[in-house]
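Trainee: First the structure, then my questions, so here it is.
The values are calculated or read from the model by the stated rules, or taken from the named source; none is laboratory data. Every value quoted in this text rests on a predicted model; they were computed, and no experiment measured them. Note that each Cβ is placed from the backbone with ideal geometry, even for glycine, and that neighbours are counted across all protein chains shown. The area values use the complete protein model at the heavy-atom level, side chains included, leaving out ligands, DNA and RNA. Shrake-Rupley method; radii C 1.70, N 1.55, O 1.52, S 1.80 Å.
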Amino acid sequence: MIDALTGAVADACARHTTDPDTPAELNAPLWEALDQIGVLGLGVDEEKGGSGGGLEELVAVLGVLGENAAAVPFAETGLAAWILAEAGVQVPEGRLTVAVSDGLEVVTGTDGTVEVSATLPRVPWGEAAEHVVVLSGTTLAVVARDQYQVTSAQNMAGEPRDTLVLAGARPVGGQTWPVPAGLTQAHEQRLSVLRMAQMAGAARRALDLSVHYASERQQFGRSIDRFQSVQHQLASLASEVLVCRTAAKSASLALTRGDATFALAAARVAAAQAAGVVAKLAHQVHGAIGFTEEHTLRLSTTRLWAWRDENGSVHQHASLVGQQALDAGPDSLWDLLVRA
């Protein structure tokens, strides 16, 4: 599956615009290709409307998409579909995204019609999505694109992080649904894994670009990859890329096993720290050219910087790791580390 996917993604992304002066726009040909390959329903059981497969397969696909800076809401659609399947709600077709809100207002009219209102900031691919899944406390709602207004915004990589305004929006099915116990936390954990998978792919591309550039860039009559200092940088860069990949894979396995709070937090810290080193070393190898908007390195490094801070900062995850280690105490710390 990955072999077939890699070529299609690389081709579609190579033909898609990467104009640094405009925000990332939906890569419609790539989305159609993903649909034809049959990976859009990955991670959701077939009996629930998905195409089967587990979190590990989803992580593998996201690694390829992250490597190619794919401008599609694949992670968001997969996450939204999984949430709906877990809640026993019919998954609508097309592009989806997820928003978490503490202030969703639900009003039921005398005729039984339901309307929802809220302001949802920084929703990934909010304008491009055909439906948004809203999690608010114990309430879940699915709202179609024509029921909300959008104020466009972007993260530092130019990816859409829009503000959605629901003002008396009528949810799909004319109703809301209860959120199953633990689903909100499970959503946050799953999102962490998906972002780590994307980071692993972006880190791999930064390494490939650095190795290629170092083999071509001439200095004092020879390529710079012949210099020991650059070789050390590339070796360090490769090791940090492996950390990103290992963190994503171990986190997906831990989440599949069950309670993964400690393991996920530790993986997020490792991946975020490694991503920062990857970006720094990649730019050091490239020199000034790597900082220009015209160079494709920015597509990887800006995503690494943006994704590592989404869904909780490094400090928050590190604090969670430390607190759980303290709570475990000397008698249970080893068991905690082994289970992770």
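Trainee: Averaged per residue, what accessible surface does segment 43-144 expose to a 1.4 Å probe, in Å²?
Mentor: For segment 43-144, the solvent-accessible area averages 37 Å² per residue.
Trainee: What are the ³J(HN,Hα) values, in whole Hz, obtained from phi via the Karplus relation 6.51 cos²θ - 1.76 cosθ + 1.60 with θ = phi - 60°, for each residue of segment 28-38 in sequence order, with x given for Gly and Pro?
Mentor: After applying 6.51 cos²θ - 1.76 cosθ + 1.60, I find 4, x, 5, 4, 5, 5, 5, 5, 5, 5, x Hz.
Trainee: Taking only DSSP H segments of four or more residues, each worth -39500 (n - 2.57), what value at 222 nm results for the chain once the sum is divided by all its residues, to the nearest 500 deg cm²/dmol?
Mentor: -18000 deg cm²/dmol
Trainee: What residues qualify as long-range amide H neighbours of residue 140, i.e. H under 5 Å apart, gap of 5 or more or another chain, H built at 1.01 Å from N?
Mentor: Here 177, 179 satisfy the definition.
Trainee: Mind ranking 249, 48 by accessible surface for me, highest first, 1.4 Å probe?
Mentor: 249, 48
Trainee: Just how much of residue 188 is accessible, in Å², when a 1.4 Å probe is used and the result is rounded to the nearest 10?
Mentor: Number for this one is 80 Å².
Trainee: Where does each of 35, 146 land when they are ordered by accessible area, with a 1.4 Å probe and the largest first?
Mentor: Largest accessible area first, the residues go 146, 35.
Trainee: How would 105, 294 line up by accessible area, probe 1.4 Å, largest first?
Mentor: These residues rank, largest area first, as 294, 105.
Trainee: In square angstrom, what is the accessible area per residue of segment 237-340 with a 1.4 angstrom probe?
Mentor: That works out to 50 Å² per residue.
Trainee: Here is a follow-up. Once you order the gyration tensor axes a ≥ b ≥ c over the Cα atoms, which shape class does segment 106-199 get: rounded for a/c under 1.5, otherwise prolate or oblate by comparing a/b with b/c?
Mentor: oblate
Trainee: To the nearest Å, what is the center-to-center distance of segment 310-333 and segment 217-246, using C-alpha atoms only?
Mentor: Here the two parts' Cα centres lie 33 Å apart.
Trainee: Starting at the first residue of segment 109-115, write each ³J(HN,Hα) from the Karplus equation 6.51 cos²θ - 1.76 cosθ + 1.60 with θ = phi - 60°, in whole Hz, x for Gly and Pro.
Mentor: Taking θ as phi minus 60°, the curve returns x, 5, 8, x, 6, 10, 10 Hz for segment 109-115.
Trainee: Given Cβ point charges of +1 (Lys, Arg) and -1 (Asp, Glu) and nothing else, what value in debye, to the nearest 20, does the dipole of the chain about its Cα centre take?
Mentor: Around 1120 debye, computed over the chain.
Trainee: On the accessible surface of the chain, probed at 1.4 Å, how many percent belong to carbon and sulfur atoms?
Mentor: Carbon with sulfur: 51 percent of the solvent-accessible area.
Trainee: Any idea of residue 205's accessible area? Nearest 10 Å², probe 1.4 Å.
Mentor: Residue 205 has an accessible surface of roughly 70 Å² with all protein chains in place.
Trainee: Can I ask one more? Hey, can you grab everything whose amide H is under 5 Å from the amide H of residue 54? Only 5+ residues off in sequence or another chain; H modelled, so Pro and N-termini drop out.
Mentor: Long-range HN contacts for residue 54: 43.
Trainee: Can you give the convex hull volume of the alpha carbon atoms of segment 6-147 per residue, in Å³?
Mentor: Each residue corresponds to 127 Å³ of Cα convex hull volume.
Trainee: Something else about it: Provide the per-residue ³J(HN,Hα) series for segment 326-340, in order, calculated from phi with Karplus coefficients 6.51, -1.76, 1.60 and θ = phi - 60°, each as a whole number of Hz, with x at glycine and proline positions.
Mentor: Result, rounded to whole Hz: 5, 5, 5, x, x, 7, 10, 5, 4, 4, 5, 5, 5, 5, 6.
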